[in-house]
Every structure is written in C-alpha cells, then in structure tokens.
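A.B. asks: Dropping the structure in here first, questions after.
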Amino acid sequence: MTNDKKLIIGLFGFGVVGEGIYRVLKQTPTLQAEIKRICIKHPDKERNAPSGLFTTDAELLLNDEEINVVVELIDDADAAWHIVSNSLMNGKAVVSANKKMIAAHLAELLQLQEDNQTSFLYEAAVCGSIPVIRNLEEYYDNDMLNSVTGIINGSTNYILTRMNEDGMPYAEALKLAQQLGFAESDPTLDVQGTDAANKLTIILNHAYGIVSAPNDIMCKGITQLHPADSVYAKEKGYSIKLVARAQRVNHTDVAAYVLPTFVGPMSQLFNVRFEFNGVIIGTRLADEQFIYGKGAGRYPTSSAVLSDIAALRYGYKYEYKKSRTGVDYRITNDHVLRVYVSCENMSEIDLQDFISIDETYISQNRKYITGSIRFDKLRKAGWLHNPANSLIVFQDAEQVENHQFEEL
Ligand code: HSE
C-alpha cells in the first residue's frame, strides 16, 4: 500500500479499544483514513457512532473490495483468526491487537504474510502503547540482543500495586482493573499469566526469530501469591512483579518464562506501577535500555493501533529479520534459576529437586526456602501446582554461561 492510496478501514469490534480508535481517527484527519464499516457482535447495545456504520455480518467487510485495511479489535480469538486470515488472503492489510490469536497462530500468520505479501501489524498486542515490536524489528536488528525482560501485563501490575501499596484485597483490585478496562474479558488470562505468555511468544519471535507456542513458555501468574510473600519482599526491600523474561543463556539457547519475580530498587522495573508496563532490553553493546509506558486501557492501546494504521500509509511490513540470521535460536529448559518457595507445609516441597538451598524459614503461619533449581525440574515439579505453595524468582535469576560469548 502506498501513500497515494486512502486507507478505507473495516473495523471489527467496538469495545474499549475499538471505540477508542474510532474517536481517535475522527480527530486525526491528516491520516486520510476513513472507517467505512464496523462489525459488532451485539447489535442491541447503544453505540456512540452513527448506526449506519454498524453491521453484524463479518463477510460484508471481508468481501468489500473498497476496504483495504482491516482493524481487528475483538477479544474472541477464534473469530479473530477467521477475520485476520481471510483478510490477509483477500490482500487486505491488517492491524490487530489480539495477542492470544497471534500467539496461537504464529507460524500460520508468518506463512500467510509471506504468501500474500500483505502487511500485518500488531504493535498494540504487546505492551499497549509501548513500541516494543517495532523496536525489536528495526533497532535491535542484530545478534547483540541478550535479553528482553519486562512487566507486560497491565492488569496484574495494577492489582499487585493496589494490594501492596494500598492494602487492597485481591478481589477488589481485580474488579477495579476490570472496571478500568485493563483486564481481559476473561481475567483468568491476566492473573494466571497466560496473557503475558502470549505476549512473550510474540516477543520471542521478534527478538530471536523463535516460533513457539504459548505452552512452550513456563508461566505462573499471581493467584498463588500469599500475604507472607509480601512481608518477605518488604523486609528485603523488594517489590513483587509479574515479569516476563527472554534471556539468551548461550549462543543458541534462550530461557523464557513468565513468573512472579522479586525486583530490587536498582531495577528499572521497581517503579513500574499500576497499569504501566516496562521493558528492559539487554544488549551486548549498549548494556541495558528501558522502555516504559501504559500497557493497557482505551487510549494507550489506541495509540499503538493508530501508529500501525499510519505505518500502512508507507506500506510498512514486519520483515522478521531475526528468522533469517542463520542462528537457530530455541527455548531451553536447561538452565538454573534462583527461587523462593513459600508453603503451608514444608513436607509438600520436594527438596531433592533443588541443586542447593540457601535459606530455610519456618514459622507457625508460613514456611519458605530459597535456593537454586534446574529449570526443567521446576517445570515438572508437582508441588508447584498446589495452590497453597507460591513461587517467586529472584530477578536476573538464571546463570548465563558468559564464557560462551566471545570477548569484544
Ligand atoms: N489485559 C491486558 C493487560 C490488556 O492487562 O495488559 C493489554 O494487553
């Protein structure tokens, strides 16, 4: 698509973000983008837009040859897949924020883009307003990238901030995150870490060219955290955050997980609060760089969607350059993490799983240990699934085989 062509948009979804982008586009006339039709699921809901724009017939948009851009902002991942795959096959450019659908169909989506040579942009799917994907695609376009570590789910960060700073009960904080439009319509995706795992699946592709499935990523959300864990964190000066991490541990292996993490005050992630997201990019040359911004909510997410729509004016496509570096990066389970595990009953934890134990604490209310454990052992540990046990990793927990990197 070139910049002499007007963008005629078919919009799917008129929820928090769909209505946001509708309003934003009305106030951005210089973009020369016009929403021709909006496809919705519930025709009886009152909408703040002319009724003639709306339809419930997806095919009407998909088969409309005048529509050259589809903006997909629904939360049903299966329906989104139908919309996006058909649009790409029909030669339409697509902008999507549907991380669940993209992570689930990553390989097919890569193939569809290749086959149809169409743009498929999804900056809003990862960290809302923060340009993570485009940075990984365009700027960190070499093999000097060591790690991507971030708070990439706004709802859980909002909940943890409210609980730890205001003493708000979990259920109340979650309800607020839903009311503010941060949470998924199925909030278990947020609190169990699945949403962050979906986003990390996308990040792994743009950072390392890895095509994986969300299930390949070890993921624990915030539901098993216990109040005693916050007491431990406060005593040690840490903050507990749900952190997603992709860390190159040697030339080809990348550790990848979403886990509650103790973050110290020296980390940039320490002060990432409420629905904000923050991503630390570790590189061999530049050391660490940090990008920060709102990760959820109507207008922050709309800003990323708007930026993708604007990029279509000059025919921007992701090039997925990392897939062609000649280095076959893969996710590894063969590394060691330093962790904290708290429980009601120490006999619940199989201490044989640990390589070493640094600290053991036993009180009437709660027991904990800290120590080092091989990641594959941790993934398979039955005791981890017991909701009475909680796991928190220490930041920068994995041992990187630095000797395997050549000296500069
Ligand atoms: N539920 C998501 C979050 C929305 O809280 O981060 C933005 O992806």
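A.B. asks: List the relative contact order of the chain as a percent without decimals, with contacts defined as Cα pairs under 8 Å and 6+ residues apart. Working shown, then result.
C.D. replies: Numbers: 847 pairs, mean separation 72.4, N = 408.
It rounds to 18 percent for the chain.
A.B. asks: Once every DSSP H run of n ≥ 4 in the chain is given -39500 (n - 2.57) and the sum is divided by its residues, what mean residue ellipticity at 222 nm do you get, rounded to the nearest 500 deg cm²/dmol? Mind showing how you got there, number by number?
C.D. replies: Values: 12 runs with 119 residues, N = 408.
It lands at -8500 deg cm²/dmol.
A.B. asks: Moving to a separate point now. Provide Rg over Rh for segment 7-121; use the alpha carbon set for both Rg and the Kirkwood Rh (inverse mean inverse pair distance). Walk me through the numbers on the way to the answer.
C.D. replies: Working: Rg = 13.5 Å, Rh = 14.2 Å.
In segment 7-121, Rg relative to Rh is 0.95.
A.B. asks: Quick check: the distance between the Cα centres of segment 123-188 and segment 17-64, to the nearest angstrom?
C.D. replies: Between the Cα centre of segment 123-188 and that of segment 17-64, the gap is 27 Å.
A.B. asks: Any idea what % of Cα-Cα pairs in segment 281-364 are farther than 17 Å? Mind dumping the intermediate values first?
C.D. replies: On the way: 2676 of 3486 pairs.
It works out to 77 percent of all Cα pairs.
A.B. asks: If you don't mind, there's one more thing I want to ask. Using only Cα atoms, tell me the angle between helix 106-116 and the longest principal axis of the chain; keep it within 0 to 90° and round to the nearest 10.
C.D. replies: Around 30 degrees separate the two axes.
A.B. asks: To continue, here is another question. Where the accessible area of the chain is counted over protein heavy atoms with a 1.4 Å probe, how much of it, in %, is carbon and sulfur?
C.D. replies: 47 percent
A.B. asks: Ok, one more. Over segment 171-245, with the other protein chains present, what is the accessible area per residue in square angstrom, probe 1.4 angstrom? Intermediate results must be reported in sequence, preceding the final value.
C.D. replies: Values: 2790 Å² over 75 residues.
Using a 1.4 Å probe on heavy atoms only, each residue of segment 171-245 averages 37 Å².
A.B. asks: Okay, next question. Given N residues in segment 59-101, what is its alpha carbon radius of gyration divided by 2.2 N^0.38 Å? Write down the numbers at each step before the final one.
C.D. replies: Numbers: Rg = 9.6 Å, N = 43, 2.2 N^0.38 = 9.2 Å.
Working it through for segment 59-101, the quotient is 1.04.
A.B. asks: May I ask you to order 354-366, 312-324, 189-201, 328-340 by the average number of other C-beta atoms within 10 Å around their residues, highest value first?
C.D. replies: Listed from highest to lowest mean packing, they are 189-201, 328-340, 312-324, 354-366.
A.B. asks: Something else now. Could you calculate, for the chain, the ratio of the Cα radius of gyration to the Kirkwood radius, expressed as Rg to Rh? Provide the component values of the computation, followed by the final result.
C.D. replies: Working: Rg = 22.0 Å, Rh = 22.1 Å.
Using Cα coordinates only, the ratio equals 0.99.
The values are calculated or read from the model by the stated rules, or taken from the named source; none is laboratory data. Remember, predicted model here, so these are calculated numbers, not experimental data. In this analysis, Cβ positions are derived from the backbone assuming ideal geometry, glycine residues included, and neighbour counts consider all displayed protein chains. These accessible areas exclude ligands, DNA and RNA; they are computed on the full protein's heavy atoms, side chains included. Shrake-Rupley method; radii C 1.70, N 1.55, O 1.52, S 1.80 Å.
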